[in-house]
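Chemist: Got a structure for you, written out below as C-alpha cells; questions coming shortly.
Bear in mind these aren't lab numbers, they're just calculated from the coordinates by the rules spelled out. It should be emphasised that the depicted structure is a prediction, and the values quoted were computed from it without experimental measurement. Positions of Cβ are generated from backbone atoms using ideal geometry, with glycine treated the same way; all protein chains shown enter the neighbour counts.
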Amino acid sequence: MEGLLYRFKGLGEQALSRTFFWGYRWWFILSYWNALLVLAPRNVKQEEQRSFSPLRKIFSFHPNLIQPFEKTDDYKQSDQPYFMRKKIRDHVWFNRHLMQRFPLKKRIIIVDDVVTSGETMKMMISHLRTVGFSHIEAFAISRPTKT
C-alpha cells in the first residue's frame with residue numbers, strides 16, 4: 001500500500017486513486033454521508049507541481065470535503081525522528097474561519113493517507129476542538145508496515 005501511495009503522490013499517477021478505496025467506497029459513503037471530511041494538511045507547492053490534491057482525488061466521491069489545514073513549509077513527518085513529530089503544529093496553518101461556517105454539532109471525520117505517529121491527527125483534533133467541534137473521528141488509508 002505504501003508503495004502505491006508513493007507512486008500516486010510522488011509520481012503523480014492519478015489513475016491509482018481508485019486502488020486505495022474503491023472497494024470500500026459504498027461502505028464509506030453509507031457510514032459517513034452526512035459527515036464533513038476534513039483532509040490532512042496539504043503542501044500547496046507540491047500540489048501545484050503535481051496539479052492535483054491526492055486526498056481530494058481519493059475522496060472525490062464524497063460530497064462534503066474541506067481542507068482547512070495547510071503546511072507552511074516543506075516539513076515532512078516521515079523524515080523526522082519520532083520525538084520531533086510533535087512539532088508538526090509549528091509547520092501547519094489552520095483556517096479557523098473556514099471551519100466556523102459549519103455547525104458545531106456536525107460530525108467531523110479527519111482523513112489522512114498514512115498515519116505513522118498520530119501527531120498530525122492529534123494536532124488536527126486539537127485545532128478543531130478549539131473552534132468548538134466535539135464529534136471528531138479519525139480515518140487513515142494506510143499505516144506503515146514494520147520492517
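Chemist: Find, among the trypsin sites (Lys or Arg not before Pro) in region 42-84, those assigned to loop by DSSP (not H, G, I, E, B) with at most 13 other beta-carbon atoms within 10 angstrom. The partial results should precede the final answer.
Modeler: On the way: sites: Arg42, Lys45, Arg50, Arg56, Lys57, Lys71, Lys76; in loops: Lys76.
Those satisfying the criteria are Lys76.
Chemist: Looking at region 2-142 only, what percent of DSSP beta bridges run antiparallel? Nearest 5 please. The partial results should precede the final answer.
Modeler: Details: 3 of 16 bridges.
Percent antiparallel among DSSP bridges in region 2-142 is about 20.
Chemist: If the limit is 18 Å between Cα atoms, which of Lys76/Lys106; Lys57/Lys86; Lys87/Lys122; Lys57/Lys105 go over it? All intermediate terms of the calculation are to be shown ahead of the outcome.
Modeler: Working: Lys76/Lys106 30 Å; Lys57/Lys86 27 Å; Lys87/Lys122 11 Å; Lys57/Lys105 27 Å.
Checking Cα-Cα distances, Lys76/Lys106; Lys57/Lys86; Lys57/Lys105 exceed 18 Å.
Chemist: Using 0.36 nm per residue, how much length does the chain from Ser31 to Thr72 gain when fully extended, once their Cα-Cα distance is taken away? Walk me through the numbers before you get to the answer.
Modeler: On the way: separation 41, 0.36 × 41 = 14.76 nm, distance 3.26 nm.
The span from Ser31 to Thr72 would gain 11.5 nm if fully extended.
Chemist: Here is a follow-up. Loop only by DSSP, 11 or fewer other Cβ within 10 Å of the Cβ. Give me the trypsin sites (Lys or Arg not before Pro) in region 78-114 that pass, ordered by residue number. Write down the numbers at each step before the final one.
Modeler: Numbers: sites: Arg85, Lys86, Lys87, Arg89, Arg96, Arg101, Lys105, Lys106, Arg107; in loops: Arg101, Lys105, Lys106, Arg107.
Sites meeting the loop and neighbour criteria: Arg101, Lys105.
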